[in-house]
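The values are calculated or read from the model by the stated rules, or taken from the named source; none is laboratory data. None of these values were measured; they are calculated from a predicted model. Here the Cβ is made from the backbone with ideal geometry for all residues, glycine too, and neighbour counts use every protein chain on show. The protein model used for the area step is the full one, side chains on, heavy atoms only, and it has no ligands, DNA or RNA in it. Shrake-Rupley method; radii C 1.70, N 1.55, O 1.52, S 1.80 Å.
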Amino acid sequence: SEAVRLFVERAQAVRPEFRLTTQNAPAVAEIAARLDGLPLAIELAATRTKILAPEQILPRLQRRLTLLTTGAGTLPGRQRTLRGAIAWSHDLLPDPERRLFARLSVFAGGWTFEAVEAVCDPTELGLDVLDGLTSLVDQSLVLRTEPTARHPRFSMLETIREFGQERLAEDGDLE
C-alpha cells in the first residue's frame with residue numbers, strides 16, 4: 001500500500017539499512033492501519049525506527065498523539081507533531097463547532113445524524129446540528145460513510161477521535 005511504502009521510505013531516511021522483511025512487514029502494515037493511513041502520522045512513526053523496531057513502535061501507538069511528536073525543526077509547528085496538525089485545523093473552528101467535534105468523539109464506530117441530535121445536545125451548544133456537521137465534514141474532521149441502509153452514517157478516523165476525546169476531557173465535558 002501507499003502507506004507502507006511511505007513508512008519504508010521515511011524509515012530509510014533515518015536508518016538507511018531499514019528494509020521491509022517478512023518479520024517486520026505485519027507490524028509495519030498494522031502501524032499504517034492504526035494511523036489511518038495519515039501521511040504525517042506515518043512519517044512521524046517511521047522516524048522512530050531510528051531507535052525502535054516496528055514491532056516495538058506498534059504497542060506504543062495506544063497513545064499515538066503522544067508518540068508521534070517529532071518532525072524536522074525547519075517545519076512549521078503544525079507539521080512537527082500529529083497533535084499540532086490536528087490542533088491547527090481544530091483551532092480554526094468556531095467554538096460551538098469545536099465543542100460539537102469533541103462531543104462526537106464519544107461515538108466509537110460511527111453514528112447517525114439522529115444520534116448526534118440525541119447525544120450531543122445541540123441546543124446547549126447554540127448550534128444547528130446540520131450546519132455544524134456539514135462544516136466538520138467540509139474540514140475533513142468527520143467522514144460521511146456510505147450507508148448500509150437508507151440513512152448515511154458518519155465517523156472519525158481513530159487518530160482524530162483520540163484528539164477529540166482529549167478535548168472533551170480538557171473541557172470537563174466527558175460525562
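Within segment 140-175, restricting attention to residues that are within 15 Å of residue 130 (Cα to Cα) and charged (D, E, K, R), which residue is surrounded by the most Cβ atoms within 10 Å (Cβ to Cβ)?
Going through the qualifying residues, I end up with 153.
Is it true that some residue in segment 31-48 is among the acidic types (Asp, Glu), open to solvent by less than 70 Å² (accessible area, probe 1.4 Å), touching a helix residue (DSSP H, G or I) at 6+ places or on another chain (Cβ under 8 Å) and at pLDDT 90 or above? I'd like the intermediate steps shown before the answer.
Filtering segment 31-48 for residues among the acidic types (Asp, Glu) gives 36, 43.
Subset that is open to solvent by less than 70 Å² (accessible area, probe 1.4 Å): 36, 43.
Subset that is touching a helix residue (DSSP H, G or I) at 6+ places or on another chain (Cβ under 8 Å): 36, 43.
Filter once more, keeping what is at pLDDT 90 or above: none.
Within segment 31-48 (the criterion being among the acidic types (Asp, Glu), open to solvent by less than 70 Å² (accessible area, probe 1.4 Å), touching a helix residue (DSSP H, G or I) at 6+ places or on another chain (Cβ under 8 Å) and at pLDDT 90 or above), the answer is no, since none of the residues qualifies.
Please go through (1) modelled with pLDDT of 85 or more; (2) assigned to a helix (DSSP H, G or I); (3) open to solvent by 50 Å² or more (accessible area, probe 1.4 Å); (4) touching a helix residue (DSSP H, G or I) at 6+ places or on another chain (Cβ under 8 Å) for residue 12 and return the number of the only condition it doesn't satisfy.
For residue 12, the exception is condition (4).
Just one of 18, 7 is in contact with a helix residue (DSSP H, G or I) (Cβ under 7 Å, 6 or more places away or on another chain) and either part of a loop (DSSP other than H, G, I, E, B) or farther than 23 Å from residue 162 by Cβ (or both); which is it? Explain how you work it out, then say what you get.
Values: 7 fails: either part of a loop (DSSP other than H, G, I, E, B) or farther than 23 Å from residue 162 by Cβ (or both).
Unique residue meeting the criteria: 18.
From the list 103, 63, 5, exactly one residue is at pLDDT 90 or above, exposed (fewer than 14 other Cβ atoms within 10 Å of the Cβ) and not acidic (Asp, Glu). Which is it?
Values: 103 fails: exposed (fewer than 14 other Cβ atoms within 10 Å of the Cβ); 63 fails: at pLDDT 90 or above.
None of the other options fit; the residue is 5.
Among the candidates 150, 161, single out the residue that is assigned to a loop (DSSP other than H, G, I, E, B), among the charged types (D, E, K, R) and out of contact with any Cys (no Cβ under 9 Å at 6 or more places or on another chain). Walk me through how you get there before you give the answer.
On the way: 161 fails: assigned to a loop (DSSP other than H, G, I, E, B).
Matching residue, one of 150, 161: 150.
Just to be sure, is residue 69 open to solvent by 40 Å² or more (accessible area, probe 1.4 Å), modelled with pLDDT under 85 and under 17 Å from the mean Cα position of the chain (by Cα)?
Details: open to solvent by 40 Å² or more (accessible area, probe 1.4 Å): yes; modelled with pLDDT under 85: yes; under 17 Å from the mean Cα position of the chain (by Cα): yes.
Taking the combined requirement at face value, the residue satisfies it.
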